[in-house]
Each structure stands twice: as C-alpha cells, then as structure tokens.
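What follows draws every value from the coordinates through simple rules; no lab data is involved. Note that the structure is predicted; figures quoted are calculated from it, not measured. Every residue, glycine among them, receives a Cβ derived from its backbone with ideal geometry; neighbour counts consider all protein chains shown.
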C-alpha cells in the first residue's frame with residue numbers, strides 16, 4: 001500500500017511529467033492560453049492516459065510477451081492509443097453530447113501527446129504490476145492536470161502584461177515554465 | 001529543389017519557428033552527445049518516413065491517411081530503436097524513452113501531412129533533410145550551451161556514439177561548472193526561453209514592422 005502511495009506521489013509531484021520529465025509539452029505550451037481549455041484538455045487526457053496504460057499493459061503481458069513480439073511494442077501501443085481516442089470520441093458523441101462538445105476538439109490531439117505513449121512505455125520499462133500501472137497512470141494524469149490548470153491561470157495574467165517584443169509569446173512562456181519547474185524541484189527527495 | 005531544403009532549415013525551422021518537437025528538444029539537450037544521438041535518430045525517421053510516404057502517396061486512401069502515416073513513422077522508429085540497441089547501447093539507454101516517442105513527434109507527422117504526401121520523392125527527401133538539419137541545429141545549440149554551463153565540458157562522451165577514437169574530442173572549458181542548474185529540468189526551460197528570445201529578437205530586428213504582424217512567434221501578443 002505504501003508502495004502504491006509512493007508511486008502516485010512521485011508521478012504526481014516529484015517526477016512531474018511536464019515539468020521534470022518533459023512529456024506532454026505540446027499541449028502544455030499550445031492549449032494553456034486560458035484556464036477553461038486547459039482544464040478540458042487535462043480531463044480528456046486523464047481519460048485516455050489511464051485507459052491506454054492499462055490496455056497496453058494487458059496487451060503487452062498477455063499477447064506480445066507470450067508471442068515473443070515485444071519489439072513491436074511501439075507500433076502496438078500507438079494503435080491502442082489512436083483506437084481508444086476514436087472509441088471515446090464515438091462513445092461520448094452517443095451518450096453525452098455536452099461532454100463531447102466540451103472535449104471534442106481536444107480529443108484527436110491526444111494521439112500525438114507524447115505523455116500518453118510515455119506513461120505506457122515507462123510503466124512497461126519499470127515492470128510495474130497492473131494495479132501499480134493504474135496508480136502510476138492516475139498520478140501522471142493528475143500531475144499533468146495540475147500543471148495545465150496552474151499554468152493556464154498564470155498565462156491569463158501573462159497575456160495582460162507588457163513585455164519587451166523579444167520576450168513576447170514563446171520565450172516568456174518557457175521562462176515562466178522554468179520558474180514553475182524550479183518550484184517543483186522542491187519536492188525532490190521526498191519519499192526517497 | 002535546394003529551395004525546399006533551405007526553406008525547411010531556416011524559414012520553417014521545426015524547433016524555433018513552429019515550436020514542434022519541444023519535448024525531446026528540452027529533455028535530451030543536456031549534453032552534446034545525447035543531443036546528437038537524438039538528432040541522428042530523428043533524422044533517420046523523418047527521412048525514411050518521408051520517402052515511404054511520398055512513394056506510397058497514390059496508394060494510401062485519403063480517408064485513412066493519418067493512421068497510415070503514423071504506422072509508417074512507428075515502423076521507422078522501431079527500426080531506429082533496434083539499430084541503436086545493437087550499435088550504441090550505452091547512449092541509447094540514456095535517451096531510450098525519447099527515441100521511442102519520436103513516433104509522437106508532431107514535427108514528423110506534420111512534414112508527412114503537409115509535404116511528403118503531396119510531393120515527388122526528390123522534393124520530399126530535400127524537405128526531410130532540411131527538417132532534420134533544422135531540428136539538429138536547435139538540439140545541438142541547446143546541448144552545447146547546457147553542457148558547457150552545467151558540466152564545464154563540450155563533446156564529452158562522444159565515444160558512446162562514434163566509437164573509442166571519439167573520446168579525444170572532449171574539450172574542458174571550466175574546472176568547476178559555472179551553472180549546474182543548466183543540466184536540471186528548470187535549466188532546460190530557462191535556457192531555451194532565453195535562446196528563443198534571442199532568435200525572436202534577431203528576427204524582429206531583421207524584419208520590417210509590417211512583416212512582424214505575420215510572424216508566428218509574435219501573434220500571441222495581446
């Protein structure tokens with residue numbers, strides 16, 4: 001139990017996927033211009049990420065390993081992720097039009113979010129059990145959500161400020177992310 | 001045809017004008033050796049997949065083109081992983097995750113969709129080589145700055161990539177590294193932010209104010 005707690009805490013804060021491991025930077029830089037879109041993207045990613053990690057884990061251990069096809073893992077995982085995104089999109093469209101409207105635009109982008117593939121590959125690499133993979137994915141997704149929302153709020157302020165032309169846009173965004181990453185470094189060492 | 005190459009390197013540089021491939025750019029640029037390893041791996045994937053997609057462009061049905069592109073890119077990524085595991089394992093084990101997720105690098109899928117799927121092989125190769133070189137320039141520049149500041153050396157560990165003879169390439173700049181932070185994640189964000197500001201400042205200086213409105217980097221200004 002403590003072990004699972006540590007996995008969750010580590011994925012959420014200590015080794016935060018965006019700020020410490022550089023995964024999922026495209027949505028982080030691209031879609032955090034406002035708080036609302038950041039939140040919606042985070043929610044959709046959580047969905048896909050957790051499902052993808054668990055599905056990939058099952059496929060890897062019960063299909064690829066027995067058949068000696070582990071070298072195909074990248075191809076299989078990317079198909080799983082793309083397929084899941086499609087299924088979730090169809091399911092939401094049929095059952096919850098409101099949620100589909102909120103998340104609709106952001107769902108297809110998740111296929112090319114490297115955090116999703118990154119989590120599945122890391123979970124396989126660290127030889128986690130199915131339950132640990134689930135906890136790891138939830139932690140990673142929560143960490144992703146946390147910084148997406150924090151950064152979305154921060155960027156709404158940033159948009160109001162007067163900056164030197166050379167720093168406007170991308171550079172100031174990266175510098176703010178650097179300061180946030182520095183703050184998250186404060187969690188280093190907890191649990192080790 | 002050389003125009004395609006030049007345009008891909010400078011005007012449409014994947015890293016600094018289009019902001020694509022940011023994850024590997026920040027993650028693997030802590031030393032020149034790591035940066036060069038990933039640059040070579042990405043170059044192989046983008047050139048290989050651009051050639052295949054250009055050759056298959058009349059066969060791939062339009063409606064299923066994105067899954068097809070992704071599968072082709074995933075195949076070349078798998079090949080790269082296998083080759084690195086066989087010939088440069090020590091280097092591979094340091095950058096493994098980021099070699100594997102080349103498949104989700106939007107830069108490569110972007111070139112496939114915008115260019116390779118509509119152009120003959122010759123132009124697609126030129127575009128791929130330009131994209132690869134542009135990405136490599138960004139990776140290596142950042143890698144050199146971070147290694148020099150964070151570790152006080154340049155070209156350390158090149159033997160992991162090019163065999164034992166390359167170990168002598170190492171240059172010692174400082175006996176104590178001036179800024180160890182440069183090797184850590186915050187350093188990557190901060191140094192990349194300053195580098196992007198420098199590029200943007202230079203562009204603003206070169207461009208007339210009229211052009212500035214079209215500049216993709218400055219459109220976010222309120």
Open item on the list: Tell me the Kirkwood radius of region A:2-187: reciprocal of the mean inverse pair distance over distinct alpha-carbon atoms, in Å.
Closed with: 17.3 Å
Task: Sorted by Cβ neighbour density within 10 Å, fewest at the top, the residues A:35, B:174, B:115 - done: B:174, A:35, B:115
Task: Once the Cα gyration tensor of region B:2-218 is diagonalised, semi-axes √(5λ) in Å - done: 30, 24, 14
Open item on the list: If I model a spin label as a point 7 Å beyond the Cα along the Cα-Cβ vector, how far apart are those points for residue B:173 and residue A:4 in nm?
Closed with: 4.8 nm
Open item on the list: Let me check the size of the protein assembly as shown from its C-alpha atoms; what are the radius of gyration and Dmax in Å?
Closed with: 21.0, 64
Task: In range of the label at residue B:3: residues from region B:102-119 whose backbone nitrogen is under 18 Å from the point 7 Å along Cα→Cβ - done: B:115-116, B:118-119
Open item on the list: Give me the one-decimal nm value for the distance between modelled label points at residue B:194 and residue A:58, 7 Å along each residue's Cα-to-Cβ direction.
Closed with: 5.0 nm
- [ ] Pull out the extension gain between residue A:150 and residue A:71, defined as 0.36 nm times the separation in residues minus the alpha carbon to alpha carbon distance; nm, one decimal.
- [x] 24.6 nm
Task: Per-residue Cβ neighbour rank within 10 angstrom, fewest leading, A:73, A:93 - done: A:93, A:73
Open item on the list: Neighbour counts of other C-beta atoms within 10 Å: give me A:130, A:92 arranged from fewest to most.
Closed with: A:130, A:92
- [ ] Just subtract the alpha-carbon distance of residue B:180 and residue B:137 from 0.36 nm times their residue separation and send over the number in nm, one decimal.
- [x] 13.2 nm
Open item on the list: How far apart, in nanometres, would the label points at residue A:87 and residue B:56 be if each is projected 7 angstrom from Cα along the Cα-to-Cβ direction?
Closed with: 2.4 nm
